[in-house]
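The values are calculated or read from the model by the stated rules, or taken from the named source; none is laboratory data. If you're wondering where the values come from, they're calculated on a predicted model, not measured in any experiment. Positions of Cβ are generated from backbone atoms using ideal geometry, with glycine treated the same way; all protein chains shown enter the neighbour counts. These area figures cover heavy atoms from the full protein model, side chains too; ligands, DNA and RNA do not enter into them. Shrake-Rupley method; radii C 1.70, N 1.55, O 1.52, S 1.80 Å.
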Amino acid sequence: MLRIALVDILLFALPFLLYAAYMVAVKGTAPSSLWQGAPVFWLLAAGCGLLLVVMATLIQFSGGEPGGTYHPPVIENGVVKPGEID
């Protein structure tokens, strides 16, 4: 669950990180004045959009077949066998 939360945070923050890197590398802006005049609304919109597109893509193309039978994780010979959908 922590991995999913970290991926979501990274996807949301990616436009902000790219903007900051661009402003420092190309424009030569000092990090202290980096966010003054920044297009925060558009960065928020881009972060939300990127997050929604990636989440929708993962939901659409991962998981088992519809109507499949779910088998929960079991312990066999001291090793946890992960759950699966047949």
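From the list Val79, Val54, pick out the single residue that is of a type in the set (Val, Ile, Thr), open to solvent by less than 100 Å² (accessible area, probe 1.4 Å) and touching a residue at least 40 places away in the same chain (Cβ under 8 Å).
Numbers: Val79 fails: touching a residue at least 40 places away in the same chain (Cβ under 8 Å).
Being of a type in the set (Val, Ile, Thr), open to solvent by less than 100 Å² (accessible area, probe 1.4 Å) and touching a residue at least 40 places away in the same chain (Cβ under 8 Å) holds for just one of Val79, Val54, which is Val54.
So, Phe12, is that one at negative phi, touching a Cys at 6+ places or on another chain (Cβ under 9 Å) and part of a helix (DSSP H, G or I) or not? It would help to see each step written out before you state the result.
Numbers: at negative phi: yes; touching a Cys at 6+ places or on another chain (Cβ under 9 Å): yes; part of a helix (DSSP H, G or I): yes.
Spelling it out, Phe12 is indeed at negative phi, touching a Cys at 6+ places or on another chain (Cβ under 9 Å) and part of a helix (DSSP H, G or I).
Considering only segment 6-35, how many residues are modelled with pLDDT of 90 or more, over 20 Å from Val53 (Cβ atoms), open to solvent by 70 Å² or more (accessible area, probe 1.4 Å) and not β-branched (Val, Ile, Thr)?
Of the residues in segment 6-35, 2 are modelled with pLDDT of 90 or more, over 20 Å from Val53 (Cβ atoms), open to solvent by 70 Å² or more (accessible area, probe 1.4 Å) and not β-branched (Val, Ile, Thr).
Does at least one position in segment 61-73 carry a residue that is open to solvent by less than 80 Å² (accessible area, probe 1.4 Å), at negative phi and within 23 Å of the chain's Cα centre (by Cα)?
yes
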